[in-house]
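Scroll down for the structure; my scribbles are underneath it.
The values are calculated or read from the model by the stated rules, or taken from the named source; none is laboratory data. Worth saying up front: this structure is predicted, and the values here are computed from it rather than measured. Don't worry about glycine lacking a Cβ; one is built from the backbone with ideal geometry, like all the others, and counts go over all protein chains shown. Each accessible area value is taken on the protein alone, full model and side chains, heavy atoms only, with ligands, DNA and RNA left out. Shrake-Rupley method; radii C 1.70, N 1.55, O 1.52, S 1.80 Å.
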Amino acid sequence: PTHTGCRSSAASDVSKRQAMTYVNAMSERNVFHALRSWLISHQFSYRSVFWITGFISFFISPIIDNLTTALVMCAVVLAVGRDNPRFVGVACINIVVAANAGGAFSPFGDITTLMVWQSGILSVWTFFNLFLPSLVNFLIPAAAMSLVVSSERPAIESSVVQMKRGAKRIMFLFACTIATAVSFHNFLHLPPFLGMMTGLAYLKFFGYYLRRTHVVTAQDRENYGQAGDITPFDSFEHVARAEWDTLLFFFGVIMCVGGIGFIGYLSELSLYLYGELGPTAANTIVGVLSAIVDNIPVMVAVLQMNPDMDSAQWMLVTLTAGVGGSMLSIGSAAGVALMGQARGQYTFFGHLRWTPLIILGYAASIWVHLMVNAHFVGVQPH
């Protein structure tokens, strides 16, 4: 048990890097630029954009990364609300809450859910029981914030962005990669990261095909310019862009938490939190801590503690660690990134103004989980 958290978190981070390789490839093929162009070109009202970007963030983050989702949706918000900084600030808060909530009900939505899944504690389908609590966590603050968003229709100039050759096939291969990882774990009883690595091979083969069949036409030059589809697709470039410095950072965090566990401090903390306070209170505190520290070291610490909990409580700690970071703008990678992208419009204190409502959504999601997933109480994890 002492090393389970370290092994699973390392494998989880490797899996996340493979997913980010696909995300980088889709970004290079203009998938996200085309999505942003489509949203802007339809001339939605401020309130409509608020809800559309929120729901897209909620439903895309379980598949790709909550950070990437937030950055793409923030670009839409900045384009729509370039003359309305108040709208930008509120919409960015909504995107952060939605992206974090969406990542909590999928094993691929966040690195914390990946760690729990790859530890073998919860099955891949068990995570989807957190859909309703996650939705409540997003909707309660979103409904309140939408009341201050104008229903006016902004005037926006937009240009049509075309996806490059192979974009839809790369999206299909990404779906196949997720299916492969799930199948490896469920049917072959192999670690899920092996399925993700197999999926990376799909991209490599297809990237080789794109490179071998690359032909520059006059239409390519007209649609994409000198820097567009003129350059052949290079899958190795997307692997290089997979944030390996972040991977090393996570390895450092994991080793530090592992050292604390080896010394014995985590055992003492586990006895107090899960022995004296009880698992529900302890897992609720874990979510609050994830807003102050970070959900990854907090979840690594929980896996190192390896408390004796049933499936309902493991689902609860997965939920709280995932959505707890929404309480503060610095509580998640999505919030920190958006503060830089929407500098001066989305701020720490602007987010803090809505923290009481986000806490209300946090508490409501815990209550909903305890109600709708009561049948998991007493069920031992895998």
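Can you give the relative contact order of the chain as a percent, counting alpha carbon pairs under 8 Å and 6+ residues apart? Display every interim value, and only then the final one.
Values: 613 pairs, mean separation 100.7, N = 382.
Computed over the chain, the figure is 26 percent.
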- Message: Can you give me the distance in nm between label points at D83 and H214, each placed 7 Å from the Cα along the Cα-to-Cβ direction?
- Response: 4.2
- Task: Mind grabbing the accessible area of M145 for me, 1.4 Å probe, Å², rounded to tens?
- Result: 0
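Report the relative contact order of the range 308-382, percent, no decimals, based on alpha-carbon pairs under 8 angstrom and at least 6 residues apart. List each step's numbers first, then the result.
Numbers: 58 pairs, mean separation 38.8, N = 75.
Result for the range 308-382 is 52 percent.
Calculate what fraction, in whole %, of the accessible area of the range 30-157 sits on carbon and sulfur atoms when a 1.4 Å probe is rolled over the protein chains. Could you put the intermediate results ahead of the total?
On the way: 2570 of 4120 Å².
Whole-percent figure for carbon plus sulfur exposure: 62.
Hey, if we sort W117, W38 by accessible area with the 1.4 Å probe, largest down, what's the order? Please list the in-between numbers first.
Values: W117 0, W38 125 Å².
Largest accessible area first, the list is W38, W117.
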- Message: Could you order the peptides 21-29, 351-359 from most to least packed, using the average number of other C-beta atoms within 10 Å per residue?
- Response: 21-29, 351-359
- Carbon plus sulfur, as percent of the 1.4 Å-probe accessible area of the range 246-382, comes to 71
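What number do you get for the range 103-175 when its Cα radius of gyration is normalised by 2.2 N^0.38 Å, N = residues?
Working: Rg = 18.7 Å, N = 73, 2.2 N^0.38 = 11.2 Å.
The reported ratio for this selection is 1.67.
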- Leaving ligands, DNA and RNA out of it, work out the accessible area of L190 with a 1.4 Å probe and give it in Å² to the nearest 10. 70
- Item | Linear extension gain, F348 paired with E237, 0.36 nm per residue minus alpha-carbon span | 36.5 nm
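For the chain, what is the convex hull volume of its Cα atoms per residue in Å³? If you can, show how the numbers build up before the last one.
Working: hull volume 49.5 nm³, N = 382.
Hull volume normalised by residue count: 130 Å³.
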- Do the sum for the chain: with -39,500 (n - 2.57) for every DSSP H run of n ≥ 4, divided by all residues, what is the mean residue ellipticity at 222 nm, to the nearest 500 deg cm²/dmol? -21500 deg cm²/dmol
- Message: For I60, I170, I292, give me the order by solvent-accessible area with a 1.4 Å probe, most accessible first, ignoring ligands, DNA and RNA.
- Response: I292, I60, I170
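Tell me, what is the per residue accessible area of the chain in Å², probe radius 1.4 Å? Walk me through the intermediate numbers first.
Working: 16500 Å² over 382 residues.
I get 43 Å² per residue for the chain.
Rounded, prolate or oblate: which fits the range 263-352 when a ≥ b ≥ c are the square roots of the eigenvalues of the alpha-carbon gyration tensor, with rounded for a/c under 1.5 and prolate only if a/b beats b/c? The partial results should precede the final answer.
On the way: a/c = 2.84, a/b = 2.40, b/c = 1.19.
Prolate, since a/c reaches 1.5 and a/b exceeds b/c.
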- Task: In nm, give the distance between the simple-model label positions of Q341 and E268, each being 7 Å from the Cα along the Cα-to-Cβ direction.
- Result: 4.2
